[in-house]
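Input: a single structure, listed below in structure tokens.
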Amino acid sequence: MDQDRRGFLQDAGKFILLTGAATIAWDFVVAGAPEQAPNYVATDHWWGMIIDIDKCIGSGNCVRACKAENDVPREEGCFRTWVERYRVDPDDLDHPLVDSPDGGYDGFPEIDRPGDGLKVFFVPKLCNQCADSPCTQVCPVGATFESPDGVVLVDKTRCLGCRYCVQACPYGCRYIDPRTHTVDKCTLCYHRITKGLTAACCEVCPTGARQLVDLKNPEDPVHQFIREHKIHVLKPDLATGAKVYYNGLDGAVR
Amino acid sequence: MAGVQGFIYPNEVELQWSVLIVLYPFITGLVAGAFILASLERVFNVSAVKPTYRLALLTALAFLIVAPLPLQMHLGHPERSFEMYITPHRESAMAMFGFVYLWYLMGVLVLEIWFDYRKDLVLTWKSATGVKRQFYGALTLWADDISPEALRIDDKIGRFITIVGIPSAFLLHGYVGFIFGSVKANPWWSTPLMPVVFIFSAIVSGVAAVMLLYMGLCWRRRVPIDMGCLDTIAKYLFFAFVIDFSLEMLDLIHRIYEAGDSFGTLDFMVKTRLFVSHIVIQICLGTVLPILLLAATQMIRLSEIARRRIYAAAGALTLVGIFAMRWNVVIGGQLFSKSLLGYTTYKMEFATREGLLPAIVIMVLPFVILAVLLRVLPPWGDEAQLAGNKA
Amino acid sequence: MGDRFQHARHVFRVAVVLSVALVAFLIARSALIPSDFGVLGYYRAGALDDIKALPIVHAGRTACLECHDAYDPPEPPDDVRGKKLVVKTSLDPARDNKHFQLNCEACHGPMQKHVDDQEKPVPKVASDDLCLGCHRTLAGRPKFQPQVVPADHKRTGDEKKDACVACHQPHWPKTSDD
């Protein structure tokens with residue numbers, strides 16, 4: 001009798017355990033394979049970008065290419081990436097003059113002549129693909145998230161358009177797409193980088209100021225670049241884990 | 001770009017949260033404040049305010065029913081708002097909305113009202129005919145036990161619900177404060193004081209609203225105002241206001257003293273774009289003046305008529321001031337660029353989905369609902385109307 | 001026991017109503033949550049596939065060079081019009097071509113449509129505005145970038161002779177002065 005009961009309990013335990021495990025596994029089976037690109041394994045990558053201020057010439061190629069690649073509306077206030085021009089007066093460092101005409105889409109009009117006494121430079125900006133992103137933290141329904149390879153993305157079928165993430169982003173990189181009434185932002189050209197291409201903005205940058213980097217790839221030039229240059233991220237005091245690394249970022253840049 | 005001064009990030013040209021998002025904290029504040037007033041009698045045994053107990057609960061209910069409306073009209077996809085119930089992101093304060101709202105509506109307010117009104121509902125049910133009989137029968141869930149033992153149970157449960165309801169009311173409005181206070185990207189919003197300030201200004205607004213409604217309804221019913229009740233309400237309004245004002249001043253003084261990197265930008269904004277709504281309306285007219293008026297009634301012996309007039313004025317100014325406070329937080333937080341180098345303006349339209357017209361309709365709607373509630377659930381318990389014969 | 005609860009029947013009714021509502025909610029919830037939600041993180045895993053499936057608009061340098069590479073030219077290309085496809089650009093870094101690092105689409109614009117259907121003719125892009133977009137003198141441009149003030153640069157007065165491409169071949173822009 002005892003042996004039967006013990007046997008029964010063992011069998012029941014195994015049954016429950018296996019059923020439980022099978023149930024969990026079934027969830028994965030039913031969910032389908034999340035990575036359909038044949039050779040792309042998301043966890044092998046950790047994407048970021050390097051922007052070299054010393055190389056940016058303010059051409060606006062990146063802004064135009066991004067809009068073309070990602071079907072970004074041409075309306076005011078819809079930019080996945082943009083370029084800012086800083087004009088710093090050495091006698092008034094607290095008040096830099098900044099402009100970004102149409103995000104830099106058509107380049108920049110001349111304001112100063114070189115040698116006029118102001119320090120002028122261009123700063124391309126985009127989503128910083130934060131590792132501890134405040135925007136994904138505040139989404140009430142899990143419609144924006146960080147992918148396993150470090151890209152912050154938006155699920156347009158679930159976004160409510162509540163705009164909390166737009167408020168929470170310290171960098172101003174999110175906007176509401178007036179056509180879908182959902183939030184939109186730079187995806188680091190996820191549809192390209194998962195197929196071995198580089199981001200559109202990096203592809204067309206005439207001086208190579210913008211470069212896509214894969215921090216998990218030991219052969220990526222980013223590691224050497226970080227060793228050899230003085231690197232900054234935007235708003236480091238907010239501890240967002242930003243993965244866009246700037247070389248030559250002046251203290252005046254906000 | 002019209003109205004832009006200095007530099008703003010290209011995506012900041014349009015404000016994200018409109019006047020509708022100003023309304024939501026104002027409305028939930030009224031709900032929480034009205035409930036706290038009701039709990040004064042139920043839990044803290046301040047019997048003087050009993051005449052306003054049921055009115056306060058009905059006021060809270062009327063406003064709570066309307067509360068989701070401004071949010072739905074703001075969302076890009078209101079038809080997806082059910083997602084907050086099925087996949088709430090627990091890291092997000094906003095995800096709490098669905099559950100806190102539902103809990104407060106069903107678990108606290110509706111239950112409390114039901115248990116308190118049950119005896120009257122049963123009496124009305126039994127003495128009514130036709131459709132009215134069916135309606136009140138359904139309201140009572142067809143349970144007709146109003147023996148003393150049953151009523152004792154009702155009273156105990158009601159008391160328990162009120163006790164649970166007080167932290168629930170704090171949660172209902174406190175999380176709204178946290179929604180703003182936890183955004184590190186926005187220096188105007190980011191402060192741990194935000195939920196506390198929101199809660200106390202909610203109490204102030206809710207108490208003032210019920211006080212004004214009580215005065216107005218007494219006048220309409222041509223019934224004398226219970227001055228003992230009114231004086232007590234005004235006293236608690238005064239105390240709550242002093243605390244609220246102290247908290248707001250603490251935040252302000254702290255900011256001015258520390259003068260962090262955002263201070264220059266915010267200071268300029270308050271002195272220019274926000275001067276009328278913040279300094280004039282919120283602080284002077286909406287806080288300091290009502291506090292002085294109420295202080296006068298606490299310290300000087302005044303006639304009944306004088307006190308009534310002062311209470312009415314103070315109450316009205318309070319509501320305007322608390323609305324201005326919500327406006328200054330929500331809109332003010334979006335008037336400056338996160339680059340701290342520029343400002344934009346809020347262009348409020350009139351007859352669009354998030355314009356002034358829907359805002360007005362949304363603010364009028366709770367009073368319409370309250371009028372219906374006052375008929376269905378008359379709060380003046382001792383009147384003959386309850387027997388169902390006259391109404 | 002029964003006596004105590006005899007007067008609490010109405011409380012049980014409320015409890016039943018609330019319990020039924022709760023159960024209905026839980027059932028509706030499990031029906032409405034997408035099956036792939038929460039698998040990789042707090043989001044719908046299918047969203048990654050949705051985004052990966054978005055159309056490519058810029059083909060990328062490698063795709064261009066498959067047909068247009070002068071340094072490593074392809075076998076006689078399958079060109080219906082028999083036109084010369086190879087681009088006279090030296091990809092030998094030793095030859096010091098200043099436009100070497102410039103990707104094709106930086107000037108030619110998005111070309112995926114052309115890669116997909118090579119029958120579609122592709123317009124030539126030689127225009128002064130295009131060149132000046134990068135090369136006109138502008139404060140803030142780093143020194144390594146060659147910059148000219150158009151009005152001051154080798155003007156002859158003849159429109160044809162003053163065009164940038166009159167002296168600079170875009171794929172190999174050095175002139176006799178360099």
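The values are calculated or read from the model by the stated rules, or taken from the named source; none is laboratory data. Every value quoted in this text rests on a predicted model; they were computed, and no experiment measured them. Counting neighbours? That spans all protein chains shown, and the Cβs are built from the backbone with ideal geometry, glycine included. In case anyone asks, the SASA skips ligands and DNA or RNA and just uses the protein heavy atoms, side chains included. Shrake-Rupley method; radii C 1.70, N 1.55, O 1.52, S 1.80 Å.
Just wondering, is there one or more residues in the stretch C:32-46 that are without any contact (Cβ under 8 Å) to a residue 24 or more places away in the chain and more than 30 Å from A:CYS189 (Cα to Cα)? Within the stretch C:32-46, one or more residues are without any contact (Cβ under 8 Å) to a residue 24 or more places away in the chain and more than 30 Å from A:CYS189 (Cα to Cα).
The condition of being part of a helix (DSSP H, G or I), open to solvent by less than 30 Å² (accessible area, probe 1.4 Å) and at negative phi holds for only one of B:VAL196, B:VAL207, that being B:VAL207. Candidates are the residues of the stretch B:294-337 that are open to solvent by less than 30 Å² (accessible area, probe 1.4 Å) and in a loop (DSSP other than H, G, I, E, B); the one that is farthest from the other protein chains (Cβ to nearest Cβ) is B:ILE331.
Looking only at residues in the stretch C:1-50 that are more than 7 Å from every other protein chain (Cβ to nearest Cβ) and assigned to a loop (DSSP other than H, G, I, E, B), the one that is surrounded by the most Cβ atoms within 10 Å (Cβ to Cβ) is C:PRO34. For the condition within 22 Å of B:THR28 (Cα to Cα), within 13 Å of chain C (Cβ to nearest Cβ) and open to solvent by 10 Å² or more (accessible area, probe 1.4 Å), B:LEU111 qualifies.
The rows are residues; the columns are (1) touching a His at 6+ places or on another chain (Cβ under 9 Å); (2) acidic (Asp, Glu); (3) more than 27 Å from A:VAL166 (Cα to Cα).
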residue	(1), (2), (3)
B:ASP251	no, yes, no
B:ASP261	no, yes, no
B:THR265	no, no, no
B:THR272	no, no, no
B:PRO290	no, no, yes
B:GLU304	no, yes, yes
B:ILE322	no, no, no
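Taken over the stretch B:117-145, residues that are in contact (Cβ under 8 Å) with a residue 12 or more places away in the chain, within 10 Å of chain C (Cβ to nearest Cβ) and either open to solvent by 50 Å² or more (accessible area, probe 1.4 Å) or hydroxyl-bearing (Ser, Thr, Tyr) (or both) amount to 2. Taking the conditions exactly as written (under 24 Å from B:ALA60 (Cβ atoms) and open to solvent by 20 Å² or more (accessible area, probe 1.4 Å)), does B:LEU213 satisfy them or not? The answer is yes for B:LEU213. Summed over the stretch B:46-65, the residues that are under 16 Å from B:LEU217 (Cα atoms) and open to solvent by 10 Å² or more (accessible area, probe 1.4 Å) give a count of 3.
So which of C:GLY133, C:GLY140 ends up being assigned to a helix (DSSP H, G or I), among the small types (Gly, Ala, Ser) and open to solvent by less than 60 Å² (accessible area, probe 1.4 Å)?
None of the other options fit; the residue is C:GLY133.
The residues of the stretch B:4-49 that are more than 22 Å from B:PHE63 (Cα to Cα), away from chain A (no Cβ under 14 Å) and part of a helix (DSSP H, G or I), listed by number, are B:SER47, B:ALA48. Would it be correct to say that A:THR136 is within 9 Å of chain B (Cβ to nearest Cβ) and not in a loop (DSSP other than H, G, I, E, B)? Yes; evaluated as a whole, the condition is true for this residue. Going through (1) buried (at least 24 other Cβ atoms within 10 Å of the Cβ); (2) under 30 Å from C:ARG141 (Cβ atoms); (3) more than 14 Å from chain B (Cβ to nearest Cβ); (4) hydrophobic (A, V, I, L, M, F, W, C) one by one, A:CYS186 falls short only on (3). Candidates C:ALA106, C:ALA94: the one that is at pLDDT below 80 and in a helix (DSSP H, G or I) is C:ALA94. Among the residues of the stretch A:46-71, write down those that are farther than 24 Å from A:PHE225 by Cα, open to solvent by 10 Å² or more (accessible area, probe 1.4 Å) and not acidic (Asp, Glu). Correct list: A:ARG64, A:CYS66, A:LYS67, A:ALA68, A:ASN70.
Could we say that A:GLY208 is closer than 18 Å to C:GLY60 by Cβ and either more than 10 Å from chain C (Cβ to nearest Cβ) or touching a strand residue (DSSP E or B) at 6+ places or on another chain (Cβ under 9 Å) (or both) here? Yes, satisfied. Scanning the stretch A:73-125 for residues that are open to solvent by 80 Å² or more (accessible area, probe 1.4 Å), part of a loop (DSSP other than H, G, I, E, B) and not basic (Lys, Arg) returns A:GLU75, A:GLU76, A:PRO90, A:ASP91, A:LEU93, A:ASP94, A:HIS95, A:ASP106, A:GLU110, A:ILE111, A:GLY115, A:ASP116.
Screening B:ILE281 on (1) open to solvent by 50 Å² or more (accessible area, probe 1.4 Å); (2) modelled with pLDDT under 95 shows it passes everything except condition (2). For the stretch A:139-162, the criterion of being at the interface with chain B (Cβ under 10 Å from one of its Cβ atoms), under 25 Å from B:GLN334 (Cβ atoms), in a helix (DSSP H, G or I) and not hydrophobic (A, V, I, L, M, F, W, C) is met by no residue. The residue of the stretch B:66-95 that is farthest from the other protein chains (Cβ to nearest Cβ), among those that are within 21 Å of the chain's Cα centre (by Cα) and open to solvent by 20 Å² or more (accessible area, probe 1.4 Å), is B:LEU69.
Of the residues making up the stretch A:211-233, just one is without any contact (Cβ under 8 Å) to a residue 40 or more places away in the chain and within 14 Å of chain C (Cβ to nearest Cβ), namely A:PRO221. For the stretch A:156-178, taking the residues that are in contact (Cβ under 8 Å) with a residue 60 or more places away in the chain and over 18 Å from B:HIS74 (Cβ atoms), the one that is surrounded by the fewest Cβ atoms within 10 Å (Cβ to Cβ) is identified as A:PRO170.
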